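The values are calculated or read from the model by the stated rules, or taken from the named source; none is laboratory data. Just so it is clear, the structure is predicted and the values come from calculations on it, not from any experiment. Note that we place each Cβ from the backbone using ideal geometry, even for glycine, and neighbour counts take in every protein chain shown. Accessible surface areas use protein heavy atoms only, side chains included; no ligands, DNA or RNA. Shrake-Rupley method; radii C 1.70, N 1.55, O 1.52, S 1.80 Å.
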Amino acid sequence: AQFAFQENEIKLLTAEIERLKNFGCLGVSPSLEGLRDENAKLKYRLNFLKKSLQEERSKSVKSMININSCLQEIFGAAIQAAYPDLENPPLVVTPSQQPKFGDYQCNSAMGISQILLKTREQKVIPREIAEKIVKNIPANECIEKVEIAGPGFINVHLRKDFVSKQLSSLLINGVQPPAIGKRKKVVVDFSSPNIAKEMHVGHLRSTIIGESMCRLFEFAGYDVLRLNHLGDWGTQFGMLIAHLQDKFPDYLTVSPPIGDLQAFYKESKRRFDTEEEFKKRAYQCVVLLQSKNPDFIKAWNLICDVSRREFQKIYNCLDITIIERGESFYQEMMKDIVKEFEDKGFVQVDDGRKVVFVPGFPVPLTIVKSDGGYTYDTSDLAALKHRLCEEKGDILIYVVDSGQSVHLQTVFAAGQMIGWYDPKVTRVAHAAFGVVLGEDKKKFKTRSGDTVRLIDLLEEGLKRAMDKLKDKERDKVLTPEELKAAQTSVAFGCIKYADLSHNRLNDYVFSFDKMLDDRGNTAAYLLYAFTRIRAIARLANIDEQMLRKAAREEVLVLDHEKEWKLGKCILRFPEILQKILEDLLLHTLCDYLYELATTFTEFYDSCYCVEKDRQTGQILKVNMWRLLLCEATATIMAKGFDILGIKPVQRM
């Protein structure tokens, strides 16, 4: 119906433009300025409708509509029609903070007023501009009415039938991302522990944030490559192999039982620092490893395999999917990287080192050491080029701590300087994050001052989650299997959510007590809210099939203010995801899920979904449209949990 309506309007507008052409209004003398303006407005409106129609047709009918984007298109067209000569006018559309100001607000008039004053020395009050914008709003299916308030705010009221229709579509089709156009490739570099060292709490943030970003881009329809840039090469392997030869001389035929690789690393480091003969042999081992001696490659692989097994335990716990592509992968490419920088005249020799100065950065990149060896700078440049030129990445995201910011920005700038990519075409971003602090606000350490091992942290989380469930006497109502599922859901969900719910750019305080609290913006609260929502239909004896049938047949009534508030909140999901795709700040999703859960509680406390006899508990009436609102809320929460890597349970 909407397509038919738009097609009919296009026909009428096209006919009107032809009439104006016949009247001689295109390219005529200035005396017919008014008619030319009218023609310009019609053309803008026609182009808007044609573009809108094409986009709507190209999108899957199942896709969720980003209401904010729709309103931006509508107001963008209105502003263009009102001010056709204005270049890049400000377009500001945001959800209203208070119901009395409508559902959304367009606040562009104030910005346009400033531009007119600066560029044309025209003093036009914002309210007049707002009135002109409102007069040019094209026909659309989502706006019920607009009001101009205060100095020039345009308050937008959505149509209830439009919101109801979108909720029905969500219930019938599930949570579908808005169409993204051309399918782009995203390369995400995250986790990246070092071989022969255990993963510690410092690796927690990169691993959790990176996994969640990958899930978001995958859901949005991108082709995602998840890379683990392991520290699996370098001089430290010389001392590890030399120590392996001494401790397990038959390592080539009998697999060495290295139980504690951390202790093994510390022993070899102590010997390297104190035994001169051992140190010399360690350097010889590095040379033989780099020359690909088969025995030394086997020793290197043995050490890497022990680490891989330990890393995989962590990845299994946290449900992480990642492809290993460590520094060793790029070794063969480094010679060519150095030659390319030399051929283009970017290399300078400084104290025997080959360095590259990048404009705007005080510290150069060292691409060859004075002893002829390569560096982290060289391998990072090789990795950047491979991801851009071989993997053909359209978007590259490095989930690495803030301490590496200057280094990575220098590497990215060097890639631009040599012509590997154009930042206007390819997005290369450092998704930086702060450190994990203890409750004393200092770097998170054990009581003895050591770095906290990640596996110990996860085991402590499991223990505390079980204690919490038993405190709530959940062990008396859940089966052993359900209790175990609830334990892992709460433990790992709370650890992930505590990280993701903080702005990644800031440091955050790690506290089991806070993250396991079932009040406030925590995973424990949200997981409990989710199981409660899912139980409403079940306790009313309404199964999935009945809900699906109702979604196709029932009209979602949104007459109560709390129904209306919840319906709109549910439909903000696509615009929340769009914002995160742009700024890579996942705490926005956590804040939204908490807002959705609290908005649902307001709705549930005010609107009866299932009416029962107070004496007998017998079900008297089921308000199906409200159960559908419950289902829509749970559907969005489930997808939000999935993006965050949190596994909810049916019973908790």
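Yes/no per residue for (1) at pLDDT 95 or above; (2) of a type in the set (K, R):
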| site | (1), (2) |
| --- | --- |
| K496 | yes, yes |
| L500 | yes, no |
| F510 | no, no |
| M515 | no, no |
| R519 | no, yes |
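Regarding region 290-302, can at least one residue be identified that is in contact with a His (Cβ under 9 Å, 6 or more places away or on another chain) and either assigned to a helix (DSSP H, G or I) or of a type outside the set (F, W, Y) (or both)? There is no residue in region 290-302 that is in contact with a His (Cβ under 9 Å, 6 or more places away or on another chain) and either assigned to a helix (DSSP H, G or I) or of a type outside the set (F, W, Y) (or both). Remark: pairs (first residue in region 88-115, outside the structural domain of R572 (by the TED database); second residue open to solvent by 50 Å² or more (accessible area, probe 1.4 Å); Cβ separation under 6 Å; 6+ apart in sequence or on different chains) = L91/Q72; V93/Q72; Q105/T94; Q105/F153; N107/V92; N107/F153; S108/L91; S108/V92. Scanning region 183-197 for residues that are of a type in the set (D, E, K, R) and buried (at least 21 other Cβ atoms within 10 Å of the Cβ) yields a single hit, D189. With respect to the conditions (1) under 22 Å from the mean Cα position of the chain (by Cα); (2) aliphatic (A, V, I, L, M); (3) open to solvent by less than 20 Å² (accessible area, probe 1.4 Å), I180 falls short on a single one, namely (3). Pairs are defined by a Cβ separation below 8 Å, a sequence spacing of at least 6 or placement on different chains, a first member in region 539-552 that is in contact (Cβ under 8 Å) with a residue 60 or more places away in the chain, and a second member that is not in a helix (DSSP H, G or I); the pairs so defined are L539/V610; A540/C609; A540/V610; A540/I619; A540/V622; N541/I619; I542/V622. Selection of region 523-539 for residues being surrounded by fewer than 16 Cβ atoms within 10 Å (Cβ to Cβ) and touching a strand residue (DSSP E or B) at 6+ places or on another chain (Cβ under 8 Å) yields only L539.
In this entry, R215 passes the filter for residues that are part of a helix (DSSP H, G or I), within 18 Å of S191 (Cβ to Cβ) and of a type in the set (K, R).
Screening A130 on (1) within 26 Å of G567 (Cβ to Cβ); (2) of a type in the set (A, V, I, L, M, F, W, C); (3) at pLDDT 90 or above shows it passes everything except condition (1). Condition first: closer than 30 Å to T321 by Cβ and out of contact with any strand residue (DSSP E or B) (no Cβ under 7 Å at 6 or more places or on another chain). Can you find one or more residues in region 540-553 that meet it? Yes: region 540-553 contains one or more residues that are closer than 30 Å to T321 by Cβ and out of contact with any strand residue (DSSP E or B) (no Cβ under 7 Å at 6 or more places or on another chain). Residues to consider are S255, S268, S328, S291; find the one that is open to solvent by 80 Å² or more (accessible area, probe 1.4 Å), farther than 30 Å from I495 by Cα and small (G, A, S). S255 is the lone residue from the list that is open to solvent by 80 Å² or more (accessible area, probe 1.4 Å), farther than 30 Å from I495 by Cα and small (G, A, S). With respect to the conditions (1) assigned to a helix (DSSP H, G or I); (2) more than 16 Å from the chain's Cα centre (by Cα), K647 lacks only one, and its number is (1). Annotation for region 488-501: at least one member residue is of a type in the set (V, I, T), open to solvent by 40 Å² or more (accessible area, probe 1.4 Å) and under 30 Å from S307 (Cα atoms). So is F237 assigned to a helix (DSSP H, G or I), open to solvent by less than 30 Å² (accessible area, probe 1.4 Å) and farther than 30 Å from V400 by Cβ or not? Judged against the criteria, F237 is not a match. Scanning region 514-572 for residues that are assigned to a helix (DSSP H, G or I), of a type in the set (A, V, I, L, M, F, W, C) and in contact with a Ser or Thr (Cβ under 7 Å, 6 or more places away or on another chain) yields M515, L527, I533, A551, L566, C569, I570.
For region 418-444, residues that are small (G, A, S), part of a loop (DSSP other than H, G, I, E, B) and open to solvent by less than 30 Å² (accessible area, probe 1.4 Å) total 4. Among the residues of region 211-223, at least one is under 26 Å from V306 (Cβ atoms) and crowded, with 19+ Cβ neighbours inside 10 Å.
Residues being touching an Asp or Glu at 6+ places or on another chain (Cβ under 7 Å) and open to solvent by 30 Å² or more (accessible area, probe 1.4 Å) are entirely absent from region 347-357.
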